[in-house]
């Protein structure tokens, strides 16, 4: 109930009571009572004026203390309220918006790519009754900086959570979905402390690997290609329109109906062909995007280079295709103009036939477009996964082949280096031997027969080693020679030792013969061979060594 009507009624009642209670002749007493009543009314008005609080439009009045029921506070936006002394008190919450900078960096997306999303959030205390109570319970007597810090922590966590549920493509392309999720998640969390989300401004979205930049470049290239195609189509349509205008100027009313029908069929044909081409491009783009995504997870640098090369290749192909279509349109327009000029006299008779032919051609093109659309759908649903698996297998096989080739090349290089080192070593040994032989020949220049002897002596250890190897596996514990000590037995037979020495001396002629054939002269300690005729009788007996 308002206090102003109560004060007015009290001001009217007090004089009436005073007049009723005043006896005759008590004017002074009546004056005293009126003055006291007026004084009480004055102090009561001042007290009420001091305890009555009005709420500005940019604030919330929070009354706390005993407010009735189980509430901790009562919030008002606009109007005013009487604050009872001792049992109630009040405070204000500002509704001024707060701008919060969120420098989010390194947030992990759904496809494990870290992105940077610097943004600005504008929040403020809500005027909803429930949210005002939340703000009164959690934000009363906090400064703007404290409120901003709490809101910043909540927004940062929710923003990371939203990014973790989306892929890079969804964040970059479907901004409406991204902003909707941010408004929903962030709004629900800050409502718990009495705040509401006023505005969200995402300044820029980048990633550490440059994937978003590559996507932007590819989109820009596709937009440029589409613009070139549209320009070529517009030029073609302009040339066609000019030809049609010239034809319409020279053709009668009968041809107008046929030309209208033909134009309608051609427009439908172009529309369906364009729709089928765009759907095919969409399927191709999806397959390419999936492939780029897998390659990016394997190696980001290789994916960036491959995407750039693919974009350049696709751009060149589409530019060439657009130029070819433009040239084809120009040629078609020129042919139509020439045909209209040359067959002006036959147009009336041919109008109906051409209309039917155009309708048949349009139907054929429509069927062809539908066939291409069905092929594109099958490619998207069935062949895309197989193509991706095929490309993955090809990439793995190429990598394995390259690895084996590098390993084989390394082994071949190692073997070649080892053989080259051995060849160089053998060459050095042979060169050293040749130099030694030259020095030996130079030293034996006075006595040339000494050189073969020295070479034979050099090879004697090898010959002895070969003879030793021949008997090295024989197990001979000892050799015992039993004889009486005399060179010859009583019966005239030589002893074992004598026979051994005789055999040794008997083997000297073949040794001397072998040395002579080799051009070597053995040392004098081994004896000397006599020439035929030197012996007794000179009858050509076998040579005997001289002792």
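FYI, it's all coordinate maths here, none of it is from the lab. This structure is a prediction, so every number in the text was calculated from the model and none was measured. Cβ placement follows ideal geometry from the backbone for every residue including glycine, while neighbour counts extend to all protein chains displayed.
For the stretch 399-447, the alpha carbon positions stretch 71, 7, 7 Å along the principal axes, listed from largest to smallest.
Any idea what the alpha-carbon Rg over 2.2 N^0.38 Å comes to for the stretch 41-155? Mind showing how you got there, number by number?
Details: Rg = 19.8 Å, N = 115, 2.2 N^0.38 = 13.4 Å.
Here the answer is 1.48, to two decimals.
A simple spin-label model places the labels of residue 308 and residue 370 4.6 nm from each other, with each point 7 Å out along Cα-to-Cβ.
How large is the convex hull of the Cα atoms of the stretch 93-207 per residue, expressed in Å³ as a whole number? Don't skip to the answer; put the middle values down first.
Working: hull volume 9.8 nm³, N = 115.
Once divided by residue count, the hull of the stretch 93-207 is 85 Å³.
An ellipsoid equivalent to the stretch 174-290, defined through the eigenvalues of its Cα gyration tensor, has semi-axes of 50, 20, 14 Å when rounded to whole angstrom and sorted largest first. Look at the alpha carbon pairs under 8 Å that are at least 6 residues apart: their mean separation over the length of the stretch 93-207 gives a relative contact order of 40 percent.
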